[in-house]
Every structure is written in C-alpha cells, then in structure tokens.
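What follows is a set of notes on a single structure, which appears directly below.
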Amino acid sequence: MQTLKLLGTSALAAVIAVAPAVAQVAAIGPGEGQLNIVAWAGYIERGETDKSFDWVTKFEEATGCKVNVKTAATSDEMVALMNEGGFDLVTASGDASLRLIAGKRVQPINTALIPSWGTVDPRLQDAPWYTVEGVHYGVPYMWGPNVLMYNTEVFKDAPTSWSVVFEEQTLPDGASNKGRVQAYDGPIHIADAAQYLMFHRPELGITSPYELNEDQYKAALDLLRQQRDLVGRYWHDAFIQMDDFKNEGVVASGTWPFQVNLLQAEKFPVASTIPQEGATGWADTSMLHADAEHPNCAYLWMEHSLSSNLQSDLAVWFGANPAVPAACTDGRGMLTPEICTANGLDDFDRIRFWTTPTANCAQGEGACVPYYRWVSDYIGVIGGR
C-alpha cells in the first residue's frame, strides 16, 4: 500500500473506493479507562502549565478515561508515531491527515455518535484535508495562521513583509538580520517560501503554495537556500524557540500564536503580525487510529472537544480559532467575540491551510512535485545543500 507521498488526490480517492470506507464504531460503550493522544504542544492542558487552563481533569472525572499525551513537534513526527501504533488519537494538521488516510492509519468517524457534530463550523465540516469521497476521517479541533513573531524592541512598528526572514537586510536597530532569524524545521516550510514568491514573483504563476511544478519548486528551494545563510537555528520545539528569543538573540521568525502568547505572558517584548504576503496556516483534526485500543474513550473525547470549555479556552491559550464558532459567544469559557476577531476568525479565506503536496494537482496529472521530494530536498536545504 503506497502512502500519499506517491499519490495524488484523485488517486487517493481511487484507493479508498476499492473498499467502501465504513466507520468501525457503531455504538459507544463504557470507557476503557485510558486514552493515548499524539498532540501539538499546548493542545492538551490539565492545568499543569497554568492552572487556569484545564480541559482534561473534568473529562477524566466524568468518563474515567485517563488521558496520556505524547507531544509531537512536526507533522512528520505525528505520522511516524501513528505508524508505530499505540495511540488512539492524533491532532493532525492538513499536511499529515491525508497521508494517514492513504496509509490506512486512521479510520472513518461515525459522526452520528458525536452529538455536537452539527455545531462544527460549516467551513470545516467537509474540509478536503480530512474528508474523502464524503467520508469523514476525523473531527475538527482548532485552526489558525502561522504568524510572524518579532521583538518589539527591534521593530518599533510591525514588519510589513516576510522579507525580514527570507532576505538579508539591516533591521530597524541598525544590525543585520543574519543569524537573528529562524525558520520552521519541517518540509511544509517550503510552502511559506512559495507563498512569498506568489506575491513577489507573480511571473512564476504559483496559484497554490502546495501545488508546485518543477520551475516553481526550484524557485522556492532557491529562496530557502538563500534563507539558510540567515537562519541561526531551525525550530520545531515551541519552548526552545521561546528560549532562543529570550536568550539567543533571535528577533524574528514564523511561529504559532502559542509562543507569542506565552512570551507576552512573561512580559517579554514580542508581538505578531500577518504581513502583506499573507500566511499559511493549520486546521487540525482529531483522527482515530485504525487500531485504537480505546475507541470508546476516543469518541467520548471527540464529543468533549466540541461541547466542553476546550474550544473556548484552547483558543485563548493558543491564540487560535475554535472549530465551533459558538464558543466565541456562548460563555462556556474565557473566549469572547473580541478575542475571536483578534485571533483571525474572519480571516479564514485569507489563510492557505497546510495540505499534503501531491503529484496530481490542478496543473495536471503528475505536474506537481510530491511530498516525498519536499522531505528529502528540505533536509538538503537545512544541511546546506
């Protein structure tokens, strides 16, 4: 069975259509007492980081399902962990979800067993990064942009362009950006370069940063090789990146709102912006392992993720947007309409969400560079090749 790195979207549909996808769970029984989740940093909080943010304790008390969390720093790590097995759920982004479906590592979801399914944002209910041929392979969790974080003592005004991390230049404090910026340690960062080129080199004809022909792809890699000379460290651990901003002189980088919020809570001088070129982003989905040992607890958690304070408080904690828009207004937690607006709830159509690059794309069958090459080539970029 080939994984999606060798499959286009149409090929993926054909593979799944060979045997009609049917949810394995027809009814929810008693919880099995345990639930193992692979998640992004900050996604599963029980009050240990900040006692105000806890959406796990009440779930455990109500269901008897003890939640265990394995933090993953990249989508590739999530895919690897799900391939190894031993986990029930993963909060997968769009650059991992279709790979997991094609690899048969996750199972279809019986949405009839999730009472709050109807409250999910209609823009997410059939999103193509987890829905294939009308079959849902997960439950939307949270979404948001990849923002540009900057040191406000260096930048008195917000940077207007991602050029501060892509092109060598003198920053407002009079010093070069060389060695003072970071880039994401994941192949999907190629899409950030492609998005930058969409704005600055329209002659390339890029229409999607995830669907690149050979010429467009080469231009993105060339830009990343140029960036390599500027990057002090490639980041994938959120907390190490925060430490680099505090102690290693880093002043600008693409990041998640999570790091911005935590640094601001420590009164460290950072802010974030979405520059003129726009932003890539993530729409994460709770996906159930094909061989989950605790499916009842998993279904109970997926309902909890939509109906509890999780949607509200996680959106505040992470600086993200809830998969359930009502969480902005229904008072279930800390979220308010003003916070939702600040987090970009109205900017959904401006974000180009992470999607697994495939060979078959809008430019024609076999016209685009598939993900396996993104992986190998980005390793080469980081290694200076």
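The values are calculated or read from the model by the stated rules, or taken from the named source; none is laboratory data. Keep in mind it's a predicted model, so treat the numbers as computed, not measured. Neighbour counts run over all protein chains shown; Cβ positions are idealised from the backbone, glycine included. These accessible areas exclude ligands, DNA and RNA; they are computed on the full protein's heavy atoms, side chains included. Shrake-Rupley method; radii C 1.70, N 1.55, O 1.52, S 1.80 Å.
Where the second residue is open to solvent by less than 10 Å² (accessible area, probe 1.4 Å) and charged (D, E, K, R) and the first is in contact (Cβ under 8 Å) with a residue 24 or more places away in the chain and closer than 20 Å to Asn36 by Cβ and lies in the stretch 90-110, which pairs have Cβ atoms under 6 Å and are six or more apart or on separate chains?
Thr91/Asp284; Ser93/Asp284
Identify, by number, the condition in (1) in a helix (DSSP H, G or I); (2) under 17 Å from Val154 (Cα atoms); (3) in contact (Cβ under 8 Å) with a residue 24 or more places away in the chain that Phe239 doesn't meet.
Single failed check for Phe239: (2).
Go through the stretch 354-378 and report how many residues are surrounded by fewer than 19 Cβ atoms within 10 Å (Cβ to Cβ), part of a loop (DSSP other than H, G, I, E, B) and of a type in the set (Phe, Trp, Tyr).
The total comes to 0.
Rundown of residues vs (1) within 25 Å of Ala127 (Cβ to Cβ); (2) part of a strand (DSSP E or B), yes/no style:
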position: Val250; (1), (2): no, no
position: Ser253; (1), (2): no, yes
position: Leu262; (1), (2): no, no
position: Phe268; (1), (2): no, no
position: Ala271; (1), (2): no, yes
position: Glu277; (1), (2): yes, no
position: Trp282; (1), (2): yes, yes
position: Leu288; (1), (2): yes, yes
position: Asp291; (1), (2): yes, no
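The rows are residues; the columns are (1) farther than 20 Å from Val79 by Cα; (2) of a type outside the set (Ser, Thr, Tyr).
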residue	(1), (2)
Ala327	yes, yes
Arg332	yes, yes
Thr336	yes, no
Thr355	no, no
Ala359	no, yes
Tyr372	no, no
Val375	no, yes
Gly384	yes, yes
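Is it the case that some residue within the stretch 272-289 is under 26 Å from Thr57 (Cα atoms), open to solvent by 10 Å² or more (accessible area, probe 1.4 Å) and at pLDDT 95 or above? Show your work before the answer.
As a first pass, look at the stretch 272-289 and keep what is under 26 Å from Thr57 (Cα atoms): 283-289.
Going one step further and asking which of them are open to solvent by 10 Å² or more (accessible area, probe 1.4 Å), we end up with none.
Looking through the stretch 272-289, none of the residues is under 26 Å from Thr57 (Cα atoms), open to solvent by 10 Å² or more (accessible area, probe 1.4 Å) and at pLDDT 95 or above.
Do any helices (runs of 4 or more DSSP H) entirely within the stretch 63-146 hold 1 or more residues that are closer than 20 Å to Ile28 by Cα and open to solvent by 30 Å² or more (accessible area, probe 1.4 Å), and if so, which? Lay out the reasoning, then the answer.
Working: elements: 75-84, 94-102, 122-125.
Output list is empty.
I'd like the full set of residues that are in contact with an Asp or Glu (Cβ under 6 Å, 6 or more places away or on another chain) and buried (at least 18 other Cβ atoms within 10 Å of the Cβ), limited to the stretch 196-220.
Step one: list which residues in the stretch 196-220 are in contact with an Asp or Glu (Cβ under 6 Å, 6 or more places away or on another chain), which gives 196, 199.
Of everything in the stretch 196-220, just one residue is in contact with an Asp or Glu (Cβ under 6 Å, 6 or more places away or on another chain) and buried (at least 18 other Cβ atoms within 10 Å of the Cβ), namely Tyr196.
Tally the residues that are at positive phi and in contact (Cβ under 8 Å) with a residue 24 or more places away in the chain, restricting the search to the stretch 337-365.
Applying the first criterion (at positive phi) to the stretch 337-365 yields 344, 364.
With in contact (Cβ under 8 Å) with a residue 24 or more places away in the chain added as a condition, the list becomes 344.
Number of matching residues: 1.
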